[in-house]
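Q: Have a look at the structure that comes next, please.
The values are calculated or read from the model by the stated rules, or taken from the named source; none is laboratory data. The model shown is predicted, which means the values in this text are computed figures rather than measured ones. Using ideal geometry, Cβ is built from the backbone for each residue, glycine included, and neighbour counts are taken over all protein chains shown. To get the accessible areas, we keep the full protein, side chains included, count just its heavy atoms, and leave off ligands, DNA and RNA. Shrake-Rupley method; radii C 1.70, N 1.55, O 1.52, S 1.80 Å.
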Amino acid sequence: RKRVLVVATEDNLAADFLDATRAAGLDTPTSIGLLSTMGSRIAAERSITSVGFDFQLMGAKATEMAVGGKLKHITLAPRFLPGSTT
């Protein structure tokens, strides 16, 4: 039996998908793996595996640039948040 991986681009979508798969009697991660690419509090609370960014740091950096008047290229490292869905 093949296992399928679903990548959700938003944590609310991932949570809804998780609810739907469980209602259909499908098991994660045995039958379906689920990964969200947002990494918010919703994913953490639902134990959804995710790859995301530190949105507070992102906002702080954006504010610094907006207030300082100088735009610059920055790179934020992604965070891997293991959950029970992979």
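Q: Among the residues of the stretch 63-84, is there at least one that is surrounded by 15 or more Cβ atoms within 10 Å (Cβ to Cβ), modelled with pLDDT under 95 and touching a Leu at 6+ places or on another chain (Cβ under 7 Å)?
A: No: the stretch 63-84 contains no residue that is surrounded by 15 or more Cβ atoms within 10 Å (Cβ to Cβ), modelled with pLDDT under 95 and touching a Leu at 6+ places or on another chain (Cβ under 7 Å).
Q: So how many residues does the stretch 47-86 have that are under 30 Å from residue 31 (Cβ atoms) and touching a strand residue (DSSP E or B) at 6+ places or on another chain (Cβ under 8 Å)?
A: Going through the stretch 47-86 one residue at a time, the tally reaches 15.
Q: Are any residues in the stretch 31-57 closer than 30 Å to residue 20 by Cβ and open to solvent by 70 Å² or more (accessible area, probe 1.4 Å), and if so, which ones?
A: Those that are closer than 30 Å to residue 20 by Cβ and open to solvent by 70 Å² or more (accessible area, probe 1.4 Å): 41, 44, 45, 46, 53, 55.
Q: Of all residues in the stretch 61-78, which are aliphatic (A, V, I, L, M) and in a helix (DSSP H, G or I)?
A: 62, 65, 66, 67
Q: Which one is nearest to residue 73 (Cα to Cα) among residues in the stretch 15-28 that are free of Cβ contacts under 8 Å to residues at least 60 places away in the same chain, part of a helix (DSSP H, G or I) and of a type outside the set (Lys, Arg)?
A: The qualifying residue nearest to residue 73 (Cα to Cα) is 15.
Q: Restricted to the stretch 29-60, and to residues that are assigned to a helix (DSSP H, G or I) and among the small types (Gly, Ala, Ser), which residue is nearest to residue 9 (Cα to Cα)?
A: 43
Q: Check the stretch 33-42 and report whether any residue there is charged (D, E, K, R) and under 11 Å from the mean Cα position of the chain (by Cα).
A: The answer is yes; a qualifying residue exists.
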